[in-house]
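Take a look at the structure below.
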Amino acid sequence: MAYLTCKWANSGTVPLKASGVEFASSTNSTARFAALARCETPALLMLSGIGDSAVLGPLGIKTEIHLKTVGRNLQEQASAKVSQIQSFGTNLPFLLCALLPFSRGNVKITSADPFTAPAIRANYFSVGLDLDVQVAGMRLSRRILTSPPLNSLSVGETAPGSKVPDDAARGSDAAGQTWIKNGFASVAHPIGTAAMMRRSLGGVVDAQLKVYDTANVHVVDASVVPLQLSAHLFSTLYVAEKAADLIKAAQ
């Protein structure tokens, strides 16, 4: 396990210029490769003094740039499965994913020790509409699975099952909501913790993917994506490609 923090050439001044990175490894490996991600990027920035001073100060970290939105705006998708056993013995699941959640979470460091994992709070379903969308997806999936021609193949539903009725005569959304909250899984597509947007709106990096008030610190992973995508999140590669062009053009 290895971690980085930025080394500053002009600590205490703006724009802050990075002169390099400090590398720390928990093993004896001599390999030196660094690849950060959506939850590690804000941790690196905070450990380096870029973040909310109210978070950094109590940890004994000098605030180089007060940028309280570092680590905020975390957006993660949740998933659940409606599933039936088919007459030929194969399970047929419908995966429910609310691709554009309204709930927002955060990533915060809890220690100045880079080997202490950051606290990640996705805050799933903190906005009730996200849960309503999942329940609506459950109802729609059931309707499809119990309609021709698929219904001719079904032996019975395995999830969520008869304990979660979805018609007005037998139940309300409450049973479906409970099933979703007790059995959902992460889609593993977190984004937004170093969002590219105007600073006044909560951004961490500008249109050149450069951290605000720095001279040469760029973020090139999916943490810069400000809003979720209605697609598989495969954007990190393309963000890095674009960032390489932007950095070269600025030199």
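The values are calculated or read from the model by the stated rules, or taken from the named source; none is laboratory data. Predicted model only: the values in this text are computed from it and were never measured. Cβ atoms come from the backbone with ideal geometry, glycine included; neighbour counts cover every protein chain shown.
In table form, for the structure just shown:
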item	result
Residues of region 58-72 classified as part of a helix (DSSP H, G or I) and in contact (Cβ under 8 Å) with a residue 40 or more places away in the chain, total	1
Yes/no for residue 245 being on the phi < 0 side of the Ramachandran plot and part of a loop (DSSP other than H, G, I, E, B)	no
Subset of region 13-43 [at pLDDT 90 or above and surrounded by fewer than 13 Cβ atoms within 10 Å (Cβ to Cβ)]	13, 14
Test: residue 65 is more than 20 Å from the chain's Cα centre (by Cα), aliphatic (A, V, I, L, M) and either at pLDDT 90 or above or within 30 Å of residue 126 (Cα to Cα) (or both)	yes
Single residue of region 214-240 satisfying the filter (part of a helix (DSSP H, G or I) and modelled with pLDDT of 85 or more) that is surrounded by the fewest Cβ atoms within 10 Å (Cβ to Cβ)	222
Tally, over region 73-113, of residues that are among the aliphatic types (A, V, I, L, M) and not in a loop (DSSP other than H, G, I, E, B)	9
